[in-house]
1. Just give me the residues in the range 148-158 being open to solvent by less than 70 Å² (accessible area, probe 1.4 Å) and either free of Cβ contacts under 8 Å to residues at least 24 places away in the same chain or in a loop (DSSP other than H, G, I, E, B) (or both), in sequence order.
2. Of the residues in the range 133-145, how many are without any contact (Cβ under 8 Å) to a residue 24 or more places away in the chain and under 22 Å from Val177 (Cβ atoms)?
3. Which condition does Val42 not pass, out of (1) open to solvent by less than 80 Å² (accessible area, probe 1.4 Å); (2) under 16 Å from Thr191 (Cα atoms), if it passes all the others?
4. Identify, please: which residue in the range 172-194 is within 25 Å of Asn158 (Cα to Cα) and outside any helix (DSSP H, G or I) and is, among those, most open to solvent (accessible area, probe 1.4 Å)?
5. Checking the conditions here, which among Arg35, Arg75, Arg81, Arg30 is exposed (fewer than 14 other Cβ atoms within 10 Å of the Cβ), modelled with pLDDT of 90 or more and over 15 Å from the mean Cα position of the chain (by Cα)?
6. Can you pull out the residues in the range 144-165 that are closer than 14 Å to Phe117 by Cα and small (Gly, Ala, Ser)?
7. From (1) open to solvent by 70 Å² or more (accessible area, probe 1.4 Å); (2) without any contact (Cβ under 8 Å) to a residue 12 or more places away in the chain, pick out the condition that doesn't hold for Gln110.
8. Just to check your reading of the model, which residue among Val21, Val65 is β-branched (Val, Ile, Thr), surrounded by fewer than 18 Cβ atoms within 10 Å (Cβ to Cβ), at pLDDT 90 or above and closer than 19 Å to Glu105 by Cα?
Amino acid sequence: MAIHEDEYIQRRHVYEEHAYVLDYLPYGRRSEKSRPLAVPTVQIMGEQHFTLLEAELKVGATVIVHERIYIGKERREKVDRIMSRISYDQLTANAKAELVPVVEELVKAQEKRFVDFFNNSQPVTPRMHSLELLPGIGKKSMWTIINLRERKPFSDYNDIQKRTGQKDIPKIISRRVMEELSTESKYRLFTRTV
């Protein structure tokens, strides 16, 4: 299937508008030898695509962990510049500890997005459905979900749980997001990588 050029460009260059602070480094990272001055740095995770980023703060700006900050292309209040995308391994120990609660919070807040995934997900290969990439969902559960959504689309997390018998749908999705962030996953459902 051919992808239109504009769609290809949009897929490659994914930008986040908002992010959540995972760690605040007032003197930057010690491992960076290229920077002559220590500048306040934050490790953040994008709200929409769970992109892990490192950003330099503006002079005098302060942030707290779990704070939602604007990082889009317009005038930013706290962030001077996005320094780079980073991998899970480049996160500080504090950022790794804060990652799980922030991911869980975002999955709960974006209920419509993830319910739409359950209602509209497709196979990723001829032998594997994208639903099977979720922890705890095998072939039998996948077919149950597909058959139930064909009768009537799911309306929310509780509806999915009641009709399918799956426990704690937000936790299942959060585990998948964490798996995509922390490992070299061949198939990515919800995240973007470095």
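The values are calculated or read from the model by the stated rules, or taken from the named source; none is laboratory data. Small disclaimer: the values here were computed from a predicted structure and weren't measured. Cβ sites come from the backbone with ideal geometry, for glycine too, and all protein chains shown count toward neighbours. Just so you know, the surface numbers come from the protein's heavy atoms only, side chains and all, with ligands and any DNA or RNA stripped out. Shrake-Rupley method; radii C 1.70, N 1.55, O 1.52, S 1.80 Å.
1. Leu148, Phe154, Asp156
2. Matching residues across the range 133-145 total 2.
3. With (1) open to solvent by less than 80 Å² (accessible area, probe 1.4 Å); (2) under 16 Å from Thr191 (Cα atoms) applied to Val42, the lone miss is (2).
4. Arg188
5. Arg81
6. Across the range 144-165, the qualifying residue is only Ser155.
7. (1)
8. Val65
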